[in-house]
Amino acid sequence: MPLVNFQFLQTRMTLESEGAECKHPGNNFLCFSLFSQLGGCGILGVGIWLAVTQGNFATLSSSFPSLSAANLLIVTGTFIMIIGFVGCIGAIKENKCLLLSFFIMLLIIFLLELTVVILFFVYTDKIDKYAQRDLKKGLHLYGTDGNIGLTNAWSIIQTDFRCCGVSNYTDWFEVYNTTRVPDSCCLEFSENCGLHSPGTWWKAPCYETVKVWLQENLLAVGIFGLCTAMVQILGLTFAMTMYCQVVKADTYCA
């Protein structure tokens, strides 16, 4: 009789332990989802601030006028917030559907990013040619009404990188139909200095200058990309782990 009681007590303790595990799986995933949502809020806030204060800042493409830094941050922040919200609710409610939805959405984003990176390296030469052609086309919008973002972006790039034009300072001659460049191309900035002789202008092409700068900082870009990928893989792991725990908990607790 005492042996039977001992076995009954042991079985009960095991079930209670499993029941406790059923009730609180995935604390790591909940924290991950909360931080994701907070990060999304931060990115969204920066995007809105840029949109309000700087207009379409960093819009250089004439073919994709909506492709601005502000819009990219707003879209990215919104997506991260939505995914983080789905993850939080899924973790709190221990809802298999929401957990699986979080996993699938994050997996799709991860695969899209991976595809874009692969395509970029495969078609680098074609992308270079298209980008230069599109940027030269965008120069004609410089200083025009409704294109303050493009104007500000070119002014900042030419001033900070000490360059002029896309492939050469002569790119601006076609824009102004005369031997002239924006004042941001001048070695020493002054009003209407772009009307002076070419000896007072930056000679370096902006496209190649920025490209070289990116190559020199390739390690930092690579580390950022690797960290982003690791965070996403971590999120996928947490989501699938908690999903499996919830499925297991439903099996035990049924």
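The alpha-carbon of Lys129 sits under 28 angstrom from the alpha-carbons of these lysines, leaving out residues fewer than 8 places away in its chain: Lys137, Lys203, Lys211. If the chain linking Ala131 and Glu216 were pulled fully straight, counting 0.36 nm for each residue of separation and taking away their Cα-Cα distance, it would gain 28.6 nm. Shape analysis of region 56-189 yields a ratio of the Cα radius of gyration to the Kirkwood radius, Rg/Rh, of 1.16. Put simply, region 119-174 fits an ellipsoid with semi-axes of 22, 13, 12 Å; these come from the alpha carbon gyration tensor as the roots of five times its eigenvalues, largest first.
Values quoted throughout were computed directly from the atomic coordinates according to the rules given, and no laboratory measurement underlies them. This is a predicted model, so every value here is computed, not measured.
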